[in-house]
Structures are given as C-alpha cells and as structure tokens.
Amino acid sequence: MYGERRAAVPGAVVWWRGPDDSRGAATRVLPDGCMDLIWMGGDLVVAGPDTVAHVVGGPAGEPYTGIRFPPGLGPAVFGVPAVELRDSRVPLTDLWGGPARDLIERMSDSEDPGSLLEGVAARRLWDAAPDPVAAMVANGLARGTSVADLAERAGLSARQLHRRSIAAFGYGPKTLGRVLRLGRALELARGGSGFADVAATTGYADQAHLAREVRSLAGVPLGTLLGR
C-alpha cells in the first residue's frame, strides 16, 4: 500500500509505503529533481537528487515513511548543497550528528512518523530559507522556459545561474529541465496519450528523441516503464 499527502511545508509531500508493498520486488525510482528524508529500517536516510533511475528493493514487510522536498528546497533543510548528495543515499547522522540521533529516537516512539518529519522540516526552514532563485528556475523549467530566459529574469549570467543551480538542485538547469520534461512526458503517457503525441506536446524533437531521453534517464524503454 502506497499513499501520500500534501505536507504543511510548501511544495513538499509526505508519503508512506506499507508492508504489503515490500515484497522484495525492485522499484525503479526515477529522477525528479527532488530530495527525500526517509524513515526506513529504524534509521533516517537522505535521498539526494538523482541523475538516473535508482533501483531499490527492501526486505519483505518493511514499511517506509518519507517527506519529499521539491527541487531547490532540500539544501535548506539538510544544510548542505544538493550537489554533495547527488545520486547518493546518506544517513542523516552523517549530516546532523547528535540532533539526527535524537530524532531517530523520537521516530522510533512516534505513532505518526510522517507528521514528525514534517514538523522537523518546517523548523529547519524557519532557520534557513531556500535560495529564492531556485523556485523561480524550477517553476520556469517546469513550464518549458529556456535557460537563457531564466538567467535574464534572475539578473544572472549563464555561469552564475549554473552555479546557483548546482547548489540548489545538484545539477545544472539544463539537466533539471530534462528531468522535469521527462516527468511531464510520463504523466501524459500514463494518461493514455500516444508516444508521438507525447513527444510533440512536451517539446521533444520527435518520438525517437523521447525514446533516447527515457532510456538515458530511466534506464529502460518507455513501453517497459509504463508496463505496456
């Protein structure tokens, strides 16, 4: 059983996966520009921003609870640039030390781990605001705005925007744009749109371009990814 809800933290999602979803089968987690804090196996783990699909599997019967932060928000919560966590899964104790160990004890006793994670994240964001440029860039890329236009709107050079993006997202704006475009394409394809229509609607040169991008980021063909 998988479920999720909108978190009190703007743009974030609290999610959970119950024991009947943990049958040892591998799950392909696609890159989405997000970062997660996950309660699993009695430990808290930070999932950094992925550049390729991350295949995970867990012992049967093991539940998970997590909070997923939208692109650009994670660094303010975790206190490190996103690039330091790119394509990584890191124990929270490696980042926070003692406070993380205290939180793990509280998580072990909590009947609502999702709300506890939500509260901790909100307090962290109260003390450390995210880069305001990051939200503008992520929202613009999600709408298909060009990197050049976003740099101009932010009053930054292309190189400055790239540096800010590396810190906020873990990779440059062009890579984030690819990741977000893949998400839009998959949403349309899962809704029943034909692959050629998906490619045209989301700005790929053609269906072959879409196919190459899916293989590059997801590691499998689009049809396999959708179970067709």
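Could you give every pair whose Cβ atoms fall below 6 Å, whose first residue belongs to segment 66-79 and is open to solvent by 10 Å² or more (accessible area, probe 1.4 Å), and whose second residue is among the charged types (D, E, K, R), counting only separations of at least 6 or pairs across chains?
Once the first residue is open to solvent by 10 Å² or more (accessible area, probe 1.4 Å) and sits in segment 66-79, its partners that are among the charged types (D, E, K, R) give ARG68/ASP36.
Give the residue, chosen from VAL14, VAL90, VAL83, VAL46, that is of a type outside the set (Phe, Trp, Tyr), in a helix (DSSP H, G or I) and either modelled with pLDDT of 95 or more or touching a Gly at 6+ places or on another chain (Cβ under 6 Å) (or both).
VAL83
LEU156 passes all but one of (1) surrounded by 21 or more Cβ atoms within 10 Å (Cβ to Cβ); (2) within 26 Å of PHE78 (Cα to Cα); which number fails?
The one condition LEU156 does not meet is (1).
Going through segment 126-150 one residue at a time, which ones are aliphatic (A, V, I, L, M), in contact with a helix residue (DSSP H, G or I) (Cβ under 6 Å, 6 or more places away or on another chain) and either over 20 Å from LEU37 (Cα atoms) or assigned to a helix (DSSP H, G or I) (or both)?
Answer for segment 126-150, where residues must be aliphatic (A, V, I, L, M), in contact with a helix residue (DSSP H, G or I) (Cβ under 6 Å, 6 or more places away or on another chain) and either over 20 Å from LEU37 (Cα atoms) or assigned to a helix (DSSP H, G or I) (or both): VAL133, ALA134, VAL137, LEU141, ALA142, VAL147, LEU150.
Output the number of the condition that ARG190 fails; it satisfies all remaining conditions of (1) surrounded by 13 or more Cβ atoms within 10 Å (Cβ to Cβ); (2) of a type in the set (Lys, Arg); (3) at pLDDT below 95.
(1) is the only condition that ARG190 fails.
Within segment 140-153, is there a residue that is more than 26 Å from TYR64 (Cα to Cα) and among the hydroxyl-bearing types (Ser, Thr, Tyr)?
Yes, segment 140-153 contains a residue that is more than 26 Å from TYR64 (Cα to Cα) and among the hydroxyl-bearing types (Ser, Thr, Tyr).
The values are calculated or read from the model by the stated rules, or taken from the named source; none is laboratory data. Being a predicted model, the structure only gives us computed values, none of them experimental. So basically every Cβ, Gly included, is an ideal-geometry build from the backbone, and we count neighbours across all protein chains shown. What goes into the accessible areas is simple: the full protein's heavy atoms, side chains included, and nothing from ligands, DNA or RNA. Shrake-Rupley method; radii C 1.70, N 1.55, O 1.52, S 1.80 Å.
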